[in-house]
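First the structure, in the form of structure tokens, and then the observations on it.
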Amino acid sequence: MRLPLCLDRFWTVLLTLLACAGCNSDVPGSGSIRVSGRLIDAETGQSVSRETFYVHAYVDGTGERVSLDPARGDDFGFRMSQPEIRRLVADKADQYERFEGTFTASGEVLDVDVRLKPTHWVRAHGTVLWRDDKGRLRPLRDGDELVRAARPHIGGRLLHPDADGNYEQLLPRELHELLAINTSYGPVPSEVDLRGVTEEDYPLDVVLEE
């Protein structure tokens, strides 16, 4: 006896869903081991958004690798083919230290949260300006091609001033050299010492001068 059309469609959809229940297309990677977890602040126990984090997984010796770009939410998931998996989590915003650890799955699921240590770096912030031939201070965008091409660095970290020259950058509590490349202008000051700074914020204007 043939099933009514609505029931026939129902069973077709149900069988399709059951057949795909074991598919690996829900997460990146391949293999039978499902790896998952969340990013957790090691000091507060609160979840941490992945918006500035890259999550990498490796199987050393085989070349297998899975990489996840920054995304919303605090959780992550991927599949690997071998039980011994090295994970590396890096924060491009430098709010947390880089995490690296190796974990071994005892079955087809490895669910381990990543506990991240805050860097407690100083937030340097201010304005990057240049001094023209009349002694006036102006934002980089108001300069000629040589000025606009300037790429100011603090401690090897490239600053990204906005259209008005404003920037902010997390920095370790160390002595940092200031540089400006792609230009004949030099930064003033030429260095900044954050070794004795106890505050979280550090105002720092940078002026490019010939």
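The values are calculated or read from the model by the stated rules, or taken from the named source; none is laboratory data. Quick caveat, the model's predicted, so the values are computed rather than measured. Every residue, glycine as well, gets a Cβ built from its backbone with ideal geometry; the counts of neighbours run over all protein chains shown. Accessible surface is based on the protein model in full, side chains and every heavy atom, while ligands, DNA and RNA are left aside. Shrake-Rupley method; radii C 1.70, N 1.55, O 1.52, S 1.80 Å.
Computed quantities for the displayed model
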quantity: Candidate values (1) 191; (2) 214; (3) 115, label of the one derived for volume of the Cα convex hull per residue in Å³; calculated: (2)
quantity: Packing-based ranking, highest mean first, of 178-185, 64-71, 124-131 given that Cβ atoms within 10 Å are counted; calculated: 124-131, 178-185, 64-71
quantity: In segment 137-199, the GluC sites (Glu not before Pro) that fall in loop regions by DSSP, at most 14 other Cβ within 10 Å; calculated: Glu174, Glu199
quantity: Most to least accessible of Thr198, Thr52, Thr44 (protein chains only, probe 1.4 Å); calculated: Thr198, Thr44, Thr52
quantity: Net length gained if the chain between Ser190 and Glu84 were fully extended (0.36 nm per residue, minus Cα distance); calculated: 33.5 nm
quantity: Percent RCO, i.e. relative contact order, over segment 33-116, from Cα pairs under 8 Å lying at least 6 residues apart; calculated: 39 percent
quantity: Residues of segment 101-145 with amide N under 14 Å of a point placed 7 Å along Cα→Cβ from Glu168; calculated: 121-127
quantity: Cα-based helix-to-principal-axis angle, 5-20 vs the chain, degrees rounded to 10; calculated: 60 degrees
quantity: Convex hull volume per residue in cubic angstrom - Cα atoms of segment 18-129; calculated: 141 Å³
quantity: Mean Cβ neighbour count within 10 Å, used as a protection proxy, ranking 105-111, 33-39 highest first; calculated: 33-39, 105-111
quantity: Stretchable slack from Lys117 to Arg141, in nm (0.36 nm times residue separation minus alpha-carbon distance); calculated: 4.9 nm
quantity: Sequence-separation-based contact order of the chain, relative, with Cα cut under 8 Å and 6+ spacing, percent; calculated: 17 percent
quantity: Diffusion coefficient, µm² s⁻¹, Stokes-Einstein with Kirkwood Rh over alpha-carbon pairs of segment 120-185 at 37 °C and 0.692 mPa s; calculated: 262 µm²/s
quantity: Carbon/sulfur fraction of accessible area - the chain, other protein chains in place, 1.4 Å, %; calculated: 49 percent
quantity: Approximate spin-label separation Asn182-Glu200, in nm, with each point projected 7 Å along Cα-to-Cβ; calculated: 3.3 nm
quantity: Thr119 long-range amide H proximity, modeled H, under 5 Å; calculated: Tyr96, Glu97
